[in-house]
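Notes for the one structure printed next.
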Amino acid sequence: MKKSNLSLLVGFLLVIIFGLLLFAYQVRQTQVAVVTTFGKPTSDRTEPGLYWKMPWPIQKVYQFDKRIQNFEEDKFEETFTSDKKNLLVRVYAGWRIIEPRVFLQRFANGSVQEAERTLEGLIRTEKNATVGKHPFSHFISPNENDLKLVEIEQEILKSVQERAKGNYGVEVRFLGIKKLGLPESITQKVFDRMKAERDRLVQEYKGQGESQSIIIRATADRERDSILAQGDADAMRIRGQGDAEAAKFYSVFEKAPELALYILGLNALEQTLKERSTLILDQRTPPFNLLTAKPEAPAKK
Amino acid sequence: MERNIRKIGLVNLWVLLAGATTSFVLARLSASFAGQTVSVFIGLGFLIAAVSYFQMRLEERERLERLEFDELAKSRGGSALFATEEAELFAARRSREQFERFMVPAFTVILFLLQAGGAFLLWRWLEKSSSAKLAEPLVAMALFGLFALVLFLLGKYSAGIARLEGQRLLRPGASYLLLGAYLCFVVVASVAAVEAGFSRVDVFAARALCVLLALNALETMVSLVLEIYRPRVKGQQARLLYESRLVGLLSQPEGLITTAAQALDYQFGFKVSETWFYRFLEKALAWLVLLQLGALLLSTCFVFMEPGQEGLLERFGRPVEGRQILQPGAHLKFPWPIDRVVRYSTQQIQSFNVGFIPDPEREKESTVLWTVPHYKEEFNLLVASRDSEAALATSAPGEQAVPVSLLTVGIPVHYQISDVKAWAYSYSDAGQLLEKIATREVVRYLVGVDLNEIMSTARQQTAEVLRQRIQDRANELDLGVKILFVGLQDIHPPVKVAPYYEAVVAAIQEKEARILEAQAYSSNQVPVAAAKAKRKVLEAEAYRARKVPLAEAQKARFTNQMAAYEASPTIFSARSYYQTMARGASGARKYILAATNTQDVLNVNLEDKIAKSLMDSAAGLSTPGAK
């Protein structure tokens, strides 16, 4: 094949391929499509497959995702509960296009971003209205009977569904509360309260420790004193018994009281001098009087 | 012929303008980054073609002026006409020279600024842009392909005319036409790649084109600098300053091949370019490229599913009956774009986190403390508080505080896709929805439990309850997913109040310490007291045991002493006295005043230390006393 023929063939193939791209389009399982002819919607394609069309700009195909799409509020919005408490609520929702032609007409070029902006306005309005009907305890409470979170979600969903029905070509399938919060200033106060609660517990535990410590110590002191007192009493009683029993033998001293006193004096003197003592005596004190007498024995009689 | 060339130049000019405008509009509509970048190249090509066309017209005017002058010179011969100034005679030539001297460098400077500024701004713009979804990709591919064909055909024709006729001023426009054609093919390829699932290719292609534009700017700047130092030889035709060699090379790569062939001929000493292999390559190159493209298309007929993957096979967008789900292994399918396979990792365990955003840097830390943030971001979640509720009971209705506490949780969730069709076809982003469901269930659970309970007794059951709730909700929405694990790896008060929670634990320890200290005191005091009491009793018993026999012995002794006394009262008394003194005073320190003068007053310090000195001077003590 000549080079020019080859070039022609390649050019022809390319023209065929690019032409096909202009005349054909696919709709996937996950998509729906709306075909417009000179801007006017002329047909909807809800089933997947290969379809033909007139080239742009005569016909234009708008393809949309027909699956459920996620939506979440951009803003974490503050609102009031029925008992005048501030609460921040953020919700998410699942929505899908059910009427592609209506969807295309309602939103510029079928813009999903535009649709989500509209949906956000709807959801915010209904959410705030619904939150305002419920007390704070319906959102947060340790008592299970008070909590009405699921019911609140259903209320918001129902209101949004009613508003969206037939107007936007979309259906909101489900809605959930994704985040609950408090304004920063209140959050700070909650922190303060939590700190105070903890501080109360700290003091409580310290007090309990101190109190139990004092009780245990006092009990121990009482028991100690009681034991010691009992010991003293027993000892005193036993000593008394000893004294009484000894006293029986002291009656003998009555037979010669002067001698008894003299001997007791000597005994006491001896006992006294046993400890560290210093005696200052003069030469008249027997037997030191011998120091001044002549060193000779008394004469025999 | 000259007139024809000017026409070609004009056509090039308008085609480039139309190409730049339409490619920009189309690229904007289809949101193709590469397309928008290519439109900048074609726009610059239009400017260059416009300047070269203007220069072409000036040269044409000069040529006509020269012809006219030659005619006049022939008809009049040597006349006064030649007496006039040359500048007055050749106005067109002067205009052309002025244009080349001032306008061309000025335009080249502007061109450089446009190229450099364009490259910079485009790069900045691409950095901020994420890979957006293309709109009308098939239309974009078709129209860019057609642009490419038109630009290519016209560019080839213009380049051929420029080469054959030696029309240097036609060359820049032709080069940009060809470059525009190739770049339009690049856009088609990048859009096709994005459609095939490689969503970043469009951005990467756009960045590569930015680099090319920056190189082009660099080349223009170098040309400007070299132009200053270029030797000017009268009569020598100057090279077009704004013509890019880089663009010329890219738009006509065969020139490079010819140059390479000539270099090989020179190097090897024989005509390499005349060998059969070279000639075969030259002839078959187009076929080889076509073959390559065919092989590329054929390769899209084979699908190899990796272990743990499942694929959804679609033909013209419709699930293929009987082969809807492709299991791991090799599969055949029709080529792209007839059949298309979307892969999902169904067996692989996937995960996400609720309550925090992990921080790769902090994950390296070996200790996790409540008081130190250990994630990139930790969210404070509301949790019910019985303590606060109890406090509310004592408050007036309007003054009640909110009965909540705040808690930080770190909950990893592991899951597996159990039904790939439900996962892929029911939701646009099932993974993201699952995260929202999990977060909602965590929030719903926390608002109904007490802070202290969840952090202590209810902690174990919380993870299982959460897993079950997330699974139930996913089943309710037919998400096609199995929740394998929900972990409560982290649950603690926010960092700001965490130290106060630790203080409570410290206080409990302190309480225990105080009680233990008291118990230790008690354990010591009671037995010691018991022992002391026992000792007292025993001492008393000892006293009694000593007292009674002693009294008895004393009685016996006294009876005997009485007999002895009656026998000799004086001797008994003296003997008893001396024995007592001998026994009792033997250990005592004794000072005996042997002096007769007893009126003197002696001062004796009986403190021990003094006593020692007294001992030292014992010899002298009696002396003063004696005196």
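The values are calculated or read from the model by the stated rules, or taken from the named source; none is laboratory data. Computed from a predicted model, the values in this text were never measured in an experiment. Note: ideal-geometry Cβ built from the backbone for every residue, glycine included; neighbour counts use all protein chains shown.
Worth a mention:
- Flag: A:Asp225 matches the condition of being in contact with a helix residue (DSSP H, G or I) (Cβ under 8 Å, 6 or more places away or on another chain), of a type in the set (D, E, K, R), surrounded by fewer than 16 Cβ atoms within 10 Å (Cβ to Cβ) and more than 26 Å from B:Phe572 (Cβ to Cβ).
- The stretch A:171-202: number of residues that are in a helix (DSSP H, G or I), over 25 Å from B:Gly448 (Cβ atoms) and either at the interface with another protein chain (Cβ under 7 Å from one of its Cβ atoms) or in contact with a helix residue (DSSP H, G or I) (Cβ under 8 Å, 6 or more places away or on another chain) (or both): 2
- For the stretch B:319-361, the set of residues classified as assigned to a loop (DSSP other than H, G, I, E, B), under 27 Å from B:Arg440 (Cβ atoms) and within 12 Å of chain A (Cβ to nearest Cβ) consists of B:Gly355 only.
- Pairs linking a residue in the stretch B:147-160 that is under 17 Å from B:Pro253 (Cβ atoms) to a residue that is at pLDDT below 85, with Cβ atoms under 8 Å and 6 or more positions apart or on different chains, are B:Gly155/B:Ser251; B:Ala159/B:Ser251; B:Ala159/B:Gln252.
- Conditions (1) over 27 Å from B:Leu406 (Cα atoms); (2) more than 13 Å from chain A (Cβ to nearest Cβ); (3) not charged (D, E, K, R); number of the one not met by B:Leu479: (2)
- Against the test of being touching a helix residue (DSSP H, G or I) at 6+ places or on another chain (Cβ under 6 Å), facing chain A (nearest Cβ under 8 Å), part of a helix (DSSP H, G or I) and at negative phi, the options B:Ala513, B:Ala506, B:Ala545, B:Ala530 yield a single qualifying residue, B:Ala530.
- Beta carbons closer than 8 Å, at least 6 apart along the sequence or on distinct chains, pair a first residue in the stretch A:210-221 that is free of Cβ contacts under 8 Å to residues at least 60 places away in the same chain with a second that is crowded, with 17+ Cβ neighbours inside 10 Å and charged (D, E, K, R) for A:Glu210/B:Arg514; A:Gln212/B:Lys511; A:Gln212/B:Arg514; A:Ser213/B:Arg514.
- Residue match in the stretch A:34-57 (condition: surrounded by fewer than 18 Cβ atoms within 10 Å (Cβ to Cβ), of a type in the set (Phe, Trp, Tyr) and touching a Pro at 6+ places or on another chain (Cβ under 7 Å)): no
- Residues in the stretch A:23-60 that are part of a strand (DSSP E or B) and among the charged types (D, E, K, R): A:Lys40, A:Asp44, A:Arg45, A:Lys60.
- Tally of residues being more than 21 Å from A:Phe107 (Cβ to Cβ) and out of contact with any His (no Cβ under 8 Å at 6 or more places or on another chain) across the stretch A:63-90: 13
- Check on B:Phe24, surrounded by 15 or more Cβ atoms within 10 Å (Cβ to Cβ), at pLDDT 85 or above and within 30 Å of B:Leu134 (Cβ to Cβ): yes
- When we screen A:Gln105, A:Gln63 for residues that are out of contact with any Cys (no Cβ under 9 Å at 6 or more places or on another chain) and part of a strand (DSSP E or B), the only hit is A:Gln63.
- Neighbours by Cβ (under 8 Å, 6+ apart or cross-chain): first from the stretch A:238-249, within 21 Å of B:Lys534 (Cβ to Cβ); second among the aromatic types (Phe, Trp, Tyr): A:Ile238/B:Tyr543; A:Arg239/B:Tyr543; A:Gly242/B:Tyr543
- Single condition A:Gln154 does not satisfy, out of (1) within 12 Å of chain B (Cβ to nearest Cβ); (2) at pLDDT 90 or above: (1)
- None of B:Val383, B:Val303 is part of a strand (DSSP E or B), more than 29 Å from the chain's Cα centre (by Cα) and more than 30 Å from A:Arg45 (Cα to Cα) except B:Val383.
Rundown of residues vs (1) within 27 Å of the chain's Cα centre (by Cα); (2) over 18 Å from B:Ala384 (Cα atoms), yes/no style:
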position	(1), (2)
B:Val420	no, yes
B:Leu446	no, no
B:Val449	no, no
B:Gln461	no, no
B:Gln471	no, yes
B:Pro493	yes, no
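- Screening A:Ile215 against (1) at the interface with chain B (Cβ under 7 Å from one of its Cβ atoms); (2) assigned to a helix (DSSP H, G or I); (3) at pLDDT 90 or above leaves a single unmet condition, (1).
- Verdict on B:Val188 being of a type in the set (A, V, I, L, M), without any contact (Cβ under 8 Å) to a residue 60 or more places away in the chain and surrounded by 18 or more Cβ atoms within 10 Å (Cβ to Cβ): yes
- Positions within the stretch B:493-503 being at the interface with chain A (Cβ under 8 Å from one of its Cβ atoms), assigned to a loop (DSSP other than H, G, I, E, B) and aliphatic (A, V, I, L, M), in sequence order: B:Val497
- Residue ID - farthest from the other protein chains (Cβ to nearest Cβ), chosen from residues in the stretch A:247-286 that are among the hydroxyl-bearing types (Ser, Thr, Tyr) and not in a helix (DSSP H, G or I): A:Thr285
- Looking only at residues in the stretch B:538-565 that are of a type outside the set (Gly, Ala, Ser) and over 15 Å from A:Val252 (Cα atoms), the one that is surrounded by the most Cβ atoms within 10 Å (Cβ to Cβ) is B:Arg544.
- Within the stretch B:296-347, the set of residues being on the phi > 0 side of the Ramachandran plot and either among the aromatic types (Phe, Trp, Tyr) or out of contact with any Lys or Arg (no Cβ under 9 Å at 6 or more places or on another chain) (or both) comprises B:Gly308, B:Phe316, B:Gly322, B:Gly329.
- Test: B:Ala438 is in contact (Cβ under 8 Å) with a residue 60 or more places away in the chain, within 9 Å of chain A (Cβ to nearest Cβ) and part of a helix (DSSP H, G or I): no
- Within the stretch A:129-160, tally of residues that are of a type outside the set (A, V, I, L, M), assigned to a helix (DSSP H, G or I) and surrounded by fewer than 16 Cβ atoms within 10 Å (Cβ to Cβ): 3
- Filter result for the condition that a residue is more than 10 Å from chain A (Cβ to nearest Cβ), of a type in the set (D, E, K, R) and surrounded by fewer than 16 Cβ atoms within 10 Å (Cβ to Cβ), over B:Asp490, B:Asp429, B:Asp472: B:Asp472
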